[in-house]
Structures are given as C-alpha cells and as structure tokens.
Amino acid sequence: DATSSEKSSSKDKAQSLEGALLHWTRQIKNVLKQDPESALKNGNHPDPLTEVSFWGDKSENLNSICDQLGSERIKKVLKFLEQNKSTYTGPFSKLQKEVQTARAEANENYKFLQTLRDLFNQLTDNSQELAEAVDLFVPIMHTIRLIWTYSQHYNTPSRLVVLIREICNAIITR
C-alpha cells in the first residue's frame, strides 16, 4: 500500500530530523550556558581583556547561530516537523527566543566593553611602571560607570564584580 509506505517514510524522516534537532539543541545550550565567570571559578586569574574577549566570542557564536537558525534549510526542517506534529518544535521555538535574547545581550556587552579595550591594553602592558598605570584608574572607572548607567545588560553587580576582579588581577600581576 503506497499510503502506508509514505507515512512510514515520513515518520522515519521526522525521527531523523528530531534527532538532528536534539543535537542542535544540545550544541546551542552549550553556547548559551557559557559564563564569563568560569575562568575565575576554575581558579585562574584572568585580566579584563579576557572579559572583552569572552563577550566578543559569545557575540560571534550567537550571531552565527542566529544566522543558521534563520536559514531556509532550518525553516524547512521546522515546518516539516510541525506538519508531522513533532513535540520537539515547541521547545526548540522557545530555545530560538532564548538565543535571540542572549544574542542581544552579548552584542551589547561586547559593544560597551570594547570602549575599554585600549585602557585595558595599557593596564596589562607590563613594560610600563605601575605608577603609570595609576593614571588609568579614573578613566577606567568613569567608563565602567557610563556602561553601568547606559547598558541594558551589563548593569548588574554580578557582571561588575567579575570585571573588577579581573582589573584587580591585572594590577596584582604587574
């Protein structure tokens, strides 16, 4: 019977695509759970350039994921799974929204932290005397205060604590 073989083929295809969707979900969740504090938690002593790089990398990864999720190929897969009443499309749709939110946060955090890159490069330049680095404190703290004031995402104590600890690490290693 042609109809039952078509249903079977469609069911096999749906199962295969659901497997791919689960794999993508795991990969995306790994990117979403990346934490700027992890270097500190692992006993390392990162400097503030690590924070800038972290948000740059996370921004790049999430922008790439968003581009992929917006592709025609992925849209066709999701449409096929919806038509076949897959239970995985709802949670994946929610995950896509989480990616959009995290992407906006990462892009904004990176944009704001970029304004500190030159100052952080000077702070971590061990060829300078510590006395010269003291002149960097006021502009660094002023810029951090501006970020705190104007950023929608980089304005929580937990974000600032990580950055301040990394600044302290840079001073200590001098």
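No value in this document is a laboratory result; all are computed from the given coordinates. None of these values were measured; they are calculated from a predicted model. Using ideal geometry, Cβ is built from the backbone for each residue, glycine included, and neighbour counts are taken over all protein chains shown.
Under 14 Å from the Cβ of Leu163, count the other residues' Cβ atoms, weight Lys and Arg +1, Asp and Glu -1, and hand me the total. After counting each charged neighbour, the total is -1. Using a cutoff of 8 angstrom between alpha carbon atoms and counting only pairs six or more residues apart, the relative contact order for the range 108-174 works out to 42 percent. With contacts taken as Cα pairs under 8 Å at a separation of at least 6 residues, the chain carries a relative contact order of 31 percent. The residues neighbouring Glu129, those whose beta-carbon lies less than 15 Å from its own, together hold a net charge of -2 under the Lys/Arg +1, Asp/Glu -1 convention. Given in Å, the Rg to one decimal and the Dmax to the nearest whole number for the Cα atoms of the range 18-89 are 16.5, 51. Full extension of the chain segment joining Lys75 with Asp125 gains 13.2 nm, where the gain is 0.36 nm per residue of separation less the Cα-Cα distance. Relative to the longest principal axis of the Cα atoms of the chain, helix 89-114 runs at roughly 20 degrees.
Computed from Cα positions, the angle between helix 48-69 and the longest principal axis of the chain comes to roughly 20 degrees. In loop segments of the range 103-174 as defined by DSSP, the GluC sites (Glu not before Pro) with at most 11 further C-beta atoms inside 10 Å of their C-beta are Glu129.
Computed from the C-alpha gyration tensor, the three semi-axes of the ellipsoid equivalent to the range 15-174 are 40, 15, 12 Å, from longest to shortest.
With a sphere of radius 14 Å drawn around the Cβ of Trp55, what net charge do the other residues whose Cβ falls strictly inside it have (Lys, Arg +1; Asp, Glu -1)? Computed value for this residue: -3.
When the trypsin sites (Lys or Arg not before Pro) in the range 1-81 are filtered for DSSP coil states and for at most 13 other beta-carbon atoms within 10 Å of their beta-carbon, the remaining sites are Lys33.
Projected onto its three principal axes, the C-alpha set of the range 80-174 covers 68, 26, 20 Å, listed from the longest axis down.
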